[in-house]
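The values are calculated or read from the model by the stated rules, or taken from the named source; none is laboratory data. Values in this document were obtained by computation on a predicted structure and should not be read as measured data. Quick reminder, even Gly has a Cβ in these numbers, built from the backbone with ideal geometry, and neighbours come from all protein chains shown.
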Amino acid sequence: ETGVTQSPTHLIKTRGQQVTLRCSSQSGHNTVSWYQQALGQGPQFIFQYYREEENGRGNFPPRFSGLQFPNYSSELNVNALELDDSALYLCASSLGADEKLFFGSGTQLSVL
Amino acid sequence: AQSVTQLDSHVSVSEGTPVLLRCNYSSSYSPSLFWYVQHPNKGLQLLLKYTSAATLVKGINGFEAEFKKSETSFHLTKPSAHMSDAAEYFCVVSPFYNQGGKLIFGQGTELSVKP
């Protein structure tokens, strides 16, 4: 088991609503990356935060936003939810630019 | 652009027989390549990582992968499958030099192990 924890584990929302997902990184890690994994697909990179600043973004619209706090925990916010946002959202922590990521178990989001 | 293609969406083997999961990559430079495993209701776990130090990379749980530049392949193997190996496996490339975390995943290969 990694030291990365995500909450909640499951969430059901309706189209148009907003959602906030949370991630606590492994002790000592200052970088958090977020991924979206649709059913039957590989994870897709959403964005990364390093020392509270966004440090790269994948091909996701601006309604996907994030924050990183001084303790390096992170939030992923999604506004105006769409049905296609239904997916497993994974958080991964790492130290700086280290390519070795430690993943949490994810938050399963269902949009109805 | 960097990408990975996993050639099989599903592989089924019998316990005790060899495992071969195939992956081809596309990269304009010598890439960092990884294999991750995902067990049901668990997070992704790194199996092994290639970063040009050696073409044959040994990972955890008896898995290994060989980097073949001429074939642009990075296939994952294990000599003898165990029931606990049943999971989803992802071939992954790091598209940005020395910028970890921004990974590109393949579509995944589901490994089934029959008793």
Practice task
Output the qualifying pairs, or none if there are none: Cβ atoms under 8 angstrom, residues six or more apart or on different chains, first residue in region A:87-99 and free of Cβ contacts under 8 Å to residues at least 60 places away in the same chain, second residue part of a strand (DSSP E or B) and among the charged types (D, E, K, R).
Solution key: A:E99/B:K49
Handout entry: Cβ-Cβ under 8 Å pairs, at least 6 apart or on other chains, region A:36-51 side free of Cβ contacts under 8 Å to residues at least 24 places away in the same chain and at the interface with chain B (Cβ under 10 Å from one of its Cβ atoms), far side of a type in the set (D, E) and surrounded by fewer than 22 Cβ atoms within 10 Å (Cβ to Cβ)
Key = A:F47/A:E54; A:Q48/A:E54
Fill in the blank from the handout: The residue that is nearest to the other protein chains (Cβ to nearest Cβ), considering only those in region A:65-101 that are on the phi > 0 side of the Ramachandran plot and at pLDDT below 95, is A:G96
Practice task
Report yes if some residue within region B:60-77 is among the charged types (D, E, K, R) and either in contact (Cβ under 8 Å) with a residue 60 or more places away in the chain or touching an Asp or Glu at 6+ places or on another chain (Cβ under 7 Å) (or both); otherwise report no.
Solution key: no
Fill in the blank from the handout: Among the residues of region B:1-33, the number that are touching a Lys or Arg at 6+ places or on another chain (Cβ under 6 Å) and farther than 15 Å from B:T77 by Cβ is 1
